Amino acid sequence: MDDTFKKENIDYGDKPKDLNEIGTSGTVLPPHMASLDVKPDAAPDVPVTPLKVEQGGIPRKRLGSADVRKVRDLKTEDVEVPEWGGFITIKALTAKERDDFESSMLEKKGKTREFKNTNIRAKLVVKCACDELGNRVWSDEDASWLGDKNAHAVNLLYEAAARLSGITEADADELEGNSPGAVGDA
């Protein structure tokens, strides 16, 4: 294999052989950048996103703000509810929505906050139930009547909402255990 082929098709499992292929921190330029006459630590006219090579030779991309902004990362799931004769689409909470949900579970009592899990399943479901475009179909106030519906049906939706939003039993335990003087007290 000659040097030209090697330079254009970097084998990420091997150590690069010239300085155009490696930065000072051990990052390897992507194949399309390896042939440029640019040092990785210089300020090139072309944006350079080096790949960091992990043990085992698997390249990883360092994400920037633009990369994260364009990703559609709110997963949805259609949940069959036999008791109601159809399905409801459930979406993952955004970080803001999750903070709002967790804050709604804390009630201020003097200088401390107390965890309250009253109607917790319905409160989460109304935040996560959505239409086909991802828009909420219920308001926070709808949790009151939803809490009066069949427990199994609501629990099916709650479990999907919690799973998609990364909410675990340990999270509830943490909220409950850290409720005195919880975040948000001023």
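The values are calculated or read from the model by the stated rules, or taken from the named source; none is laboratory data. Worth saying up front: this structure is predicted, and the values here are computed from it rather than measured. Here Cβ is always computed from backbone atoms with ideal geometry, including for glycine, and neighbour counts include all displayed protein chains.
Points worth noting:
- Checking each residue in region 104-136 for being touching a strand residue (DSSP E or B) at 6+ places or on another chain (Cβ under 9 Å) and over 19 Å from residue 163 (Cβ atoms) picks out 106, 107, 108, 113, 114, 115, 116, 131, 132.
- Applying the condition of being within 20 Å of the chain's Cα centre (by Cα) and under 19 Å from residue 168 (Cβ atoms) to region 107-141 and asking which residue is surrounded by the fewest Cβ atoms within 10 Å (Cβ to Cβ) yields 127.
- Residue ID - nearest to the chain's Cα centre (by Cα), chosen from residues in region 64-79 that are surrounded by 11 or more Cβ atoms within 10 Å (Cβ to Cβ) and of a type outside the set (Ser, Thr, Tyr): 74
- Residue 104 vs. criteria surrounded by 12 or more Cβ atoms within 10 Å (Cβ to Cβ), polar (S, T, N, Q) and free of Cβ contacts under 8 Å to residues at least 60 places away in the same chain: yes
- Condition met for residue 63 (outside any strand (DSSP E or B), closer than 12 Å to residue 157 by Cα and free of Cβ contacts under 8 Å to residues at least 60 places away in the same chain): no
- Test: residue in region 95-108 that is modelled with pLDDT under 95 and assigned to a loop (DSSP other than H, G, I, E, B): yes
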